[in-house]
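A.B. asks: Sending over a structure as C-alpha coordinates; questions will come in a sec.
The values are calculated or read from the model by the stated rules, or taken from the named source; none is laboratory data. Since we're looking at a predicted model, the values are computed, not measured. Counting neighbours? That spans all protein chains shown, and the Cβs are built from the backbone with ideal geometry, glycine included.
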(Lines give C-alpha, C1' and ligand atoms only; values in the text may rest on other atoms or scores of the structure.)
Protein backbone atom coordinates (compact mmCIF):
# COMPACT_ATOMS: atom_id res chain seq x y z
CA UNK A 1 0.00 0.00 0.00
CA UNK A 2 1.33 3.43 -0.92
CA UNK A 3 1.62 5.86 1.94
CA UNK A 4 1.58 9.59 1.26
CA UNK A 5 4.88 11.42 1.67
CA UNK A 6 5.12 13.54 4.79
CA UNK A 7 5.71 17.24 4.17
CA UNK A 8 8.72 18.90 5.82
CA UNK A 9 8.29 20.21 9.36
CA UNK A 10 7.34 23.68 8.15
CA UNK A 11 4.03 25.44 8.58
CA UNK A 12 4.26 26.59 4.96
CA UNK A 13 3.71 24.58 1.82
CA UNK A 14 6.82 23.70 -0.11
CA UNK A 15 6.24 23.97 -3.85
CA UNK A 16 8.40 22.68 -6.63
CA UNK A 17 10.47 25.56 -7.93
CA UNK A 18 10.68 26.10 -11.66
CA UNK A 19 13.23 28.91 -11.39
CA UNK A 20 16.88 28.12 -10.76
CA UNK A 21 18.03 28.65 -7.17
CA UNK A 22 20.74 31.26 -6.78
CA UNK A 23 22.98 32.21 -3.90
CA UNK A 24 22.31 35.72 -2.54
CA UNK A 25 24.17 37.74 0.07
CA UNK A 26 21.85 39.92 2.15
CA UNK A 27 23.04 42.74 4.39
CA UNK A 28 20.63 43.82 7.12
CA UNK A 29 21.00 46.85 9.40
CA UNK A 30 19.20 46.33 12.72
CA UNK A 31 19.01 47.85 16.19
CA UNK A 32 21.71 46.38 18.43
CA UNK A 33 19.41 45.00 21.13
CA UNK A 34 18.61 41.61 22.65
CA UNK A 35 16.36 39.31 20.63
CA UNK A 36 16.79 40.93 17.20
CA UNK A 37 18.96 38.16 15.81
CA UNK A 38 16.50 35.55 17.07
CA UNK A 39 13.65 37.33 15.27
CA UNK A 40 15.58 37.50 11.99
CA UNK A 41 16.66 33.86 12.20
CA UNK A 42 13.15 32.86 13.26
CA UNK A 43 11.82 34.32 10.01
CA UNK A 44 14.14 32.04 8.03
CA UNK A 45 13.52 28.87 10.03
CA UNK A 46 9.76 29.41 10.33
CA UNK A 47 9.39 29.58 6.57
CA UNK A 48 11.81 26.80 5.71
CA UNK A 49 14.53 29.04 4.21
CA UNK A 50 18.09 27.85 4.63
CA UNK A 51 20.97 30.02 5.83
CA UNK A 52 24.32 29.05 4.30
CA UNK A 53 26.34 31.66 6.20
CA UNK A 54 25.61 34.13 9.01
CA UNK A 55 27.73 36.86 10.56
CA UNK A 56 26.72 39.61 12.97
CA UNK A 57 28.65 42.55 14.37
CA UNK A 58 28.11 46.06 15.63
CA UNK A 59 28.30 48.47 12.70
CA UNK A 60 27.86 51.81 14.45
CA UNK A 61 28.43 52.19 18.17
CA UNK A 62 26.86 55.63 18.75
CA UNK A 63 23.57 54.73 17.05
CA UNK A 64 23.52 51.16 18.45
CA UNK A 65 23.22 49.55 15.02
CA UNK A 66 24.40 46.10 14.00
CA UNK A 67 24.93 44.53 10.61
CA UNK A 68 23.74 40.99 9.89
CA UNK A 69 25.15 39.36 6.75
CA UNK A 70 23.28 36.29 5.55
CA UNK A 71 24.02 34.10 2.56
CA UNK A 72 20.94 32.18 1.46
CA UNK A 73 19.90 30.25 -1.61
CA UNK A 74 16.63 30.41 -3.48
CA UNK A 75 14.78 31.31 -6.64
CA UNK A 76 14.67 35.08 -7.32
CA UNK A 77 11.05 35.39 -6.20
CA UNK A 78 11.85 33.55 -2.94
CA UNK A 79 14.75 35.95 -2.21
CA UNK A 80 12.42 38.90 -2.90
CA UNK A 81 9.91 37.39 -0.47
CA UNK A 82 12.63 37.00 2.18
CA UNK A 83 13.68 40.65 1.75
CA UNK A 84 10.09 41.84 1.96
CA UNK A 85 9.46 39.88 5.14
CA UNK A 86 12.72 41.09 6.71
CA UNK A 87 11.72 44.71 5.97
CA UNK A 88 8.57 44.22 8.08
CA UNK A 89 10.45 43.27 11.25
CA UNK A 90 10.36 46.36 13.48
CA UNK A 91 14.05 46.73 14.53
CA UNK A 92 15.22 46.27 10.90
CA UNK A 93 16.32 49.58 9.36
CA UNK A 94 17.50 48.44 5.94
CA UNK A 95 17.78 45.25 3.87
CA UNK A 96 20.05 45.16 0.81
CA UNK A 97 20.54 42.23 -1.54
CA UNK A 98 24.24 42.80 -2.21
CA UNK A 99 24.26 40.18 -4.99
CA UNK A 100 21.41 41.90 -6.86
CA UNK A 101 22.95 45.35 -6.31
CA UNK A 102 26.29 44.21 -7.72
CA UNK A 103 24.60 42.70 -10.79
CA UNK A 104 22.80 46.02 -11.33
CA UNK A 105 26.18 47.78 -11.44
CA UNK A 106 27.64 45.23 -13.87
CA UNK A 107 29.85 43.64 -11.21
CA UNK A 108 30.38 39.92 -10.57
CA UNK A 109 29.25 40.27 -6.98
CA UNK A 110 29.82 42.17 -3.76
CA UNK A 111 33.13 42.22 -1.93
CA UNK A 112 33.00 39.05 0.17
CA UNK A 113 35.58 37.66 2.56
CA UNK A 114 35.63 34.81 5.03
CA UNK A 115 38.25 33.72 7.54
CA UNK A 116 38.98 30.08 8.35
CA UNK A 117 41.29 28.27 10.74
CA UNK A 118 42.41 24.94 9.27
CA UNK A 119 44.21 22.32 11.36
CA UNK A 120 46.40 19.81 9.50
CA UNK A 121 48.20 16.93 11.19
CA UNK A 122 50.63 15.43 8.73
CA UNK A 123 54.07 13.88 8.68
CA UNK A 124 57.14 14.17 6.46
CA UNK A 125 56.18 14.88 2.82
CA UNK A 126 52.60 15.77 3.76
CA UNK A 127 53.90 18.53 6.07
CA UNK A 128 56.09 19.95 3.31
CA UNK A 129 53.20 19.83 0.81
CA UNK A 130 50.81 21.47 3.30
CA UNK A 131 53.27 24.35 3.80
CA UNK A 132 53.77 24.70 0.04
CA UNK A 133 50.00 24.87 -0.58
CA UNK A 134 49.58 27.32 2.29
CA UNK A 135 52.13 29.58 0.63
CA UNK A 136 50.29 29.37 -2.71
CA UNK A 137 46.95 30.24 -1.02
CA UNK A 138 48.59 32.95 1.14
CA UNK A 139 47.54 31.17 4.32
CA UNK A 140 49.47 32.05 7.48
CA UNK A 141 50.72 29.53 10.02
CA UNK A 142 49.27 30.69 13.37
CA UNK A 143 50.20 27.60 15.40
CA UNK A 144 52.55 24.71 14.82
CA UNK A 145 54.23 21.77 16.50
CA UNK A 146 56.04 18.68 15.31
CA UNK A 147 52.67 17.02 14.71
CA UNK A 148 50.39 19.73 13.32
CA UNK A 149 49.86 23.14 11.74
CA UNK A 150 46.98 25.58 12.15
CA UNK A 151 46.58 27.81 9.11
CA UNK A 152 44.66 31.08 8.92
CA UNK A 153 43.23 31.76 5.49
CA UNK A 154 41.14 34.70 4.32
CA UNK A 155 39.31 35.13 1.03
CA UNK A 156 36.19 34.28 -0.90
CA UNK A 157 34.35 31.16 0.22
CA UNK A 158 35.33 29.37 -2.99
CA UNK A 159 39.03 29.92 -2.24
CA UNK A 160 38.60 28.52 1.27
CA UNK A 161 36.69 25.49 -0.07
CA UNK A 162 39.53 24.74 -2.52
CA UNK A 163 42.13 25.05 0.25
CA UNK A 164 40.19 22.70 2.53
CA UNK A 165 39.75 20.18 -0.31
CA UNK A 166 43.48 20.18 -1.03
CA UNK A 167 44.37 19.81 2.66
CA UNK A 168 42.03 16.82 3.20
CA UNK A 169 44.47 14.15 1.92
CA UNK A 170 47.37 15.81 3.77
CA UNK A 171 45.92 15.21 7.24
CA UNK A 172 43.10 17.74 7.66
CA UNK A 173 41.67 17.28 11.17
CA UNK A 174 39.58 20.37 11.92
CA UNK A 175 38.10 23.48 10.28
CA UNK A 176 36.55 26.57 11.88
CA UNK A 177 35.00 29.22 9.62
CA UNK A 178 33.67 32.69 10.44
CA UNK A 179 31.02 33.01 7.75
CA UNK A 180 30.88 35.62 5.00
CA UNK A 181 31.43 39.31 5.66
CA UNK A 182 30.29 41.34 2.64
CA UNK A 183 29.98 44.90 1.45
CA UNK A 184 28.82 46.55 -1.76
CA UNK A 185 31.27 48.19 -4.10
CA UNK A 186 31.31 51.95 -4.63
CA UNK A 187 31.27 55.01 -2.41
CA UNK A 188 27.70 54.82 -1.09
CA UNK A 189 27.47 53.74 2.58
CA UNK A 190 25.05 51.08 3.80
CA UNK A 191 24.22 53.23 6.84
CA UNK A 192 23.39 56.83 5.88
CA UNK A 193 24.86 59.60 8.02
CA UNK A 194 22.76 60.61 11.01
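A.B. asks: Right, residue 22: at pLDDT below 90 and surrounded by 11 or more Cβ atoms within 10 Å (Cβ to Cβ) or not?
C.D. replies: yes
A.B. asks: Failed condition for residue 6, given (1) at pLDDT below 90; (2) under 30 Å from residue 189 (Cα atoms); (3) in a loop (DSSP other than H, G, I, E, B), with all others met?
C.D. replies: It fails just one condition, (2).
A.B. asks: Determine if the stretch 79-89 includes at least one residue that is in contact (Cβ under 8 Å) with a residue 60 or more places away in the chain, closer than 15 Å to residue 49 by Cβ and surrounded by 15 or more Cβ atoms within 10 Å (Cβ to Cβ).
C.D. replies: Yes, that holds for at least one residue.
A.B. asks: Any idea which of (1) at pLDDT below 75; (2) within 18 Å of residue 114 (Cβ to Cβ) is the one residue 69 doesn't satisfy?
C.D. replies: Tallying (1) at pLDDT below 75; (2) within 18 Å of residue 114 (Cβ to Cβ), residue 69 fails exactly one: (1).
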